[in-house]
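Just below is one structure, and these are the notes that go with it.
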Amino acid sequence: MIALLEETREFRRVAEVLFIKGWAEASAGNISLRLAAPFALDKLRPEPDKIMESSVDMTDLIGDCFLVTASGSRMREIAAEPETGLCLIQIIDNRRFWIIDGSEKLSSEWATHAGLHSLFKENRSGERAVVHCHPLSLIALSHIFNSEKEINERIFRLQHETRLFVPEMLGLIPYAVTGSKILAKASKEKLKKFRLALWDKHGVIASGKNLSQALDRIEIVEKAAALYMQLKSIGLEPEGLSDKQITETLRAFKK
């Protein structure tokens, strides 16, 4: 069934990009997408041995279907054979979901993804995609600076695209153990304001109306971070665009 979904094609494309760019080494990174047209529970009956328990409350997502990366899956393998690294699930009640197709081992970051999808469904219903990966330059910045203001002031002046495509700029989430409830809670709180956030010394998490838009946001801000690191490596402190130049650009694009 996974192979027949239109959404699987986009999963494969995004997984391939993450692998090629080196942002998803080994089994790093995870992706989830809330399907636009959930299956009807009265047409698909959950098989008892496919019903799983979740540690996170999913009340707001009951009935929804998701395509999610499996725990331990590799992006390079998902790009080639998505059925081996994806889970197609439907939420049954506040704590249970069932595996419709694919792997039975859901991503270790599902608590974070579920919390974000709950947030988006309530406040930004058009956003259905979440992408987490490990972009090198952004992670490096979190080892140098420890505040949103410091990071945003440096990288969001280097290219006009950053302000056009990620107007909220970048949120910074304090370090927390991967897969923990602390990280899930902090991510949900931070993405109330932002659409892209940096997990301190770990990676980034982005949202979008689809997977491609979430990836766009990561690519654009990572390029600005890479530009900053490259200029610093030759001894330059980038001046960046002036306030006037930024204002003129935003006005020209009616932002």
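Coordinate-derived values only; no laboratory data. Values in this document were obtained by computation on a predicted structure and should not be read as measured data. Here the Cβ positions follow ideal geometry from the backbone for every residue, glycine too, while neighbour counts run over all protein chains shown.
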Would you mind telling me which residue in Leu227, Leu67, Leu215 has the biggest mean-square fluctuation in a Gaussian network model of the chain, where springs connect alpha carbons within a distance under 10 angstrom? Leu227
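Any chance you could list the semi-axes, whole Å, largest first, of the equivalent ellipsoid that the Cα gyration tensor gives for the stretch 58-136, using √(5λ)? Before the final figure, lay out the partial values.
Values: eigenvalues 91, 52, 21 Å².
With the √(5λ) rule applied to the stretch 58-136, the semi-axes are 21, 16, 10 Å.
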Counting sequence-distant residues (5 or more places) and residues on other chains, those with an amide H built under 5 Å from that of Leu158 are Leu241
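What is the fewest-to-most order of Leu172, Leu35 by other Cβ atoms lying within 10 Å of their Cβ?
Values: Leu172 20, Leu35 16.
By the 10 Å Cβ count, ascending, the order reads Leu35, Leu172.
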With a 10 Å radius around each residue's Cβ, average the other Cβ atoms per peptide and rank 85-94, 136-145, highest first. 85-94, 136-145
If you rank Ser107, Ser27 by fewest surrounding Cβ atoms within 10 Å, what's the result? Ser27, Ser107
Between Rg and the Kirkwood Rh of the chain, both from Cα atoms, what is the Rg to Rh ratio? 1.00
Computed, not fitted: 222 nm per-residue ellipticity of the chain from DSSP H runs ≥ 4 (each -39500 (n - 2.57)), nearest 500, equal to -12500 deg cm²/dmol
Full-stretch length increase - Glu104, Ile51 - with 0.36 nm per residue and alpha-carbon distance subtracted: 18.1 nm
Over the chain, calculate the relative contact order: mean separation of alpha carbon pairs under 8 Å at least 6 apart, over the residue count, as a percent. 20 percent
Among Leu211, Ile91, Met58, flag the residue with its Cα farthest along the positive direction of the charge dipole of the chain, charges on Cβ as +1 for Lys/Arg and -1 for Asp/Glu. Leu211
Which distance in Å, rounded to a whole number, links the C-alpha centroids of the stretch 155-184 and the stretch 201-255? 11 Å
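Could you size up the charge dipole of the stretch 112-255 around its Cα centre, putting +1 on the beta carbon of Lys and Arg and -1 on that of Asp and Glu, and report it in debye to the nearest 20?
540 debye
Rounded if a/c is under 1.5, else prolate if a/b is larger than b/c, else oblate: which is the stretch 124-167, with a ≥ b ≥ c the root eigenvalues of its Cα gyration tensor?
Note, shape of the stretch 124-167 comes out oblate.
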